[in-house]
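Right, one structure below, let's go through it.
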Amino acid sequence: MKKFAIILSGCGVYDGTEIHECVTLMLAIDKAGASYSMFAPDIKQRDTVNHVAGKTVSQERNVLEESARIARGNIKPIEQLDVRNFDAIVFPGGFGVAKNLSDFAVNPDNVTVIPSVEKVIKQAVSLKKPIGAMCIAPILLSRVIKNSNVTIGNDEGTISKIENMQSKHSVAKLGEVVVDENYKLFTTPCYMYGDARISQVAASAEKLVEDILGVL
């Protein structure tokens, strides 16, 4: 049975992991006959957003603890992730990628990826393990892996930032996966298209998992 490691960034689209993307990813992996384990950094969130009002509130939350809500408590700190024990690594999207796993949300012209996440990405590349990234998460790959080829859909502002990181961007539609064969990267836009339906996100997750399993 092939094993996926899923890296979370909190719980909720505006300050953590995009829940629909993560759950459809989990379902796609399970339906494909593979398994997954979940990891997240044990750090404070950059901010906490009231998802009803769409406004930042004065609450302090922990990325690992919030991610555990999606994982039903079955999650470990990312520092305990041994990439050698998994066949592939996948990052769902959500603003937590840009706020907690990196500082893209506040520093898009000179992005820093947190060390634990950068280490996992570099280890996966070194071991030639496939890496999947959904929605905004491909920015992590662009920052860590120079000359990589990824997609976040067709958002011109984000595309320009990716290209400034010395990576190539390929425009993709919902349900499409861009494959960088050199680094074994698999990326799909999902909710980077704001009008995406959950069925389209689910189809994207299934295609991502299918394509990754196709090279294992």
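The values are calculated or read from the model by the stated rules, or taken from the named source; none is laboratory data. Model, not experiment: these values are computed from the prediction. Don't worry about glycine lacking a Cβ; one is built from the backbone with ideal geometry, like all the others, and counts go over all protein chains shown. When the accessible area is computed, the model is the full protein with side chains, heavy atoms only, and any ligands, DNA or RNA have been set aside. Shrake-Rupley method; radii C 1.70, N 1.55, O 1.52, S 1.80 Å.
Quick one: net charge around Ile29, please, counting Lys, Arg +1 and Asp, Glu -1 for every other residue with C-beta under 13 Å from its C-beta.
On the way: positive: Lys2, Lys3, Lys31, Lys207; negative: Glu21, Asp30, Asp87, Glu206, Glu210, Asp211.
That works out to -2.
Among 95-103, 115-123, 134-142, how do they line up by average Cβ neighbours within 10 Å per residue, starting with the highest? The partial results should precede the final answer.
On the way: 95-103: 25.4, 115-123: 18.0, 134-142: 29.1.
Highest to lowest by the protection proxy: 134-142, 95-103, 115-123.
According to the square roots a ≥ b ≥ c of the eigenvalues of the Cα gyration tensor, what is the shape class of the chain, taking rounded for a/c under 1.5, prolate for a/b larger than b/c otherwise, and oblate for the remainder?
It is rounded, given that a/c, with a ≥ b ≥ c, falls under 1.5.
What net charge is computed for the residues neighbouring Asn149, neighbours being all others with C-beta under 9 Å from the C-beta of Asn149, Lys and Arg scored +1, Asp and Glu -1?
Values: positive: Lys168; negative: Asp180, Glu181.
That sum, taken over residues with Cβ under 9 Å, equals -1.
What accessible surface, in Å², does a 1.4 Å probe find on Met26, ignoring ligands, DNA and RNA and rounding to the nearest 10?
30
Share of Cα-Cα pairs in the range 86-156 beyond 13 Å, in percent?
Of all Cα-Cα distances in the range 86-156, 63 percent exceed 13 Å.
Of Lys55/Lys76; Lys129/Lys173; Lys128/Lys184; Lys122/Lys207; Lys76/Lys119, which ones are farther than 19 Å apart at the Cα?
Details: Lys55/Lys76 29 Å; Lys129/Lys173 25 Å; Lys128/Lys184 7 Å; Lys122/Lys207 24 Å; Lys76/Lys119 16 Å.
As for pairs spanning more than 19 Å Cα to Cα, those are Lys55/Lys76; Lys129/Lys173; Lys122/Lys207.
Skipping prolines and chain starts, which residues have an amide H placed within reach, meaning under 5 Å, of the one on Gly132, given they are 5 or more residues away or on another chain?
Here the answer is Ile89, Val90, Phe91, Phe186, since their amide H atoms fall under 5 Å of that of Gly132.
Going by Cβ distance under 4.7 Å, what cysteines of the chain have no possible disulfide partner?
Result for the chain is Cys11, Cys22, no neighbouring Cys Cβ within the cutoff.
Contact order normalised by length for the chain, with contacts defined as Cα pairs under 8 Å and 6 or more residues apart; what percent is it?
20
Could you check the simple spin-label distance between Glu156 and Asn62, using points 7 Å along Cα→Cβ, in nm with one decimal?
4.4
Modelled label-to-label distance, Arg84 and Lys55, 7 Å Cα→beta-carbon offset: nm?
Inter-label distance under the simple model: 5.2 nm.
Quick one: if the Förster radius is 35 Å, what FRET efficiency do Asn74 and Asp109 give, using the C-beta to C-beta distance and rounding to 0.05?
0.40
In the range 45-196, carbon and sulfur make up what percent of the accessible area (probe 1.4 Å)?
Numbers: 3120 of 7240 Å².
Taking all protein chains in place, the range 45-196 shows 43 percent carbon and sulfur surface.
Amide H of Tyr36: which non-local residues (sequence gap of 5 or more, or other chain) have their own amide H closer than 5 Å, using H built in the peptide plane?
Here the answer is Phe4, since their amide H atoms fall under 5 Å of that of Tyr36.
Which value in deg cm²/dmol, rounded to the nearest 500, describes the helix-derived mean residue ellipticity at 222 nm for the chain, given -39,500 (n - 2.57) per DSSP H run of n ≥ 4 and division by the residue count?
Helix contribution divided over all residues of the chain: -9500 deg cm²/dmol.
Can you give the FRET efficiency for Asp211 and Leu27, using 1/(1 + (r/R0)^6), R0 = 22 Å, r = Cβ-Cβ distance, to the nearest 0.05?
With R0 = 22 Å, the Cβ-Cβ based efficiency is 0.85.
Given Cβ point charges of +1 (Lys, Arg) and -1 (Asp, Glu) and nothing else, what value in debye, to the nearest 20, does the dipole of the chain about its Cα centre take?
In total the dipole reaches around 420 debye.
Which net charge results when you count Lys and Arg as +1 and Asp and Glu as -1 among the other residues whose beta-carbon is under 12 Å from that of Gln200?
Values: positive: Lys173, Arg197, Lys207; negative: Glu21, Glu176, Asp195, Glu206.
Local charge sum for Gln200: -1.
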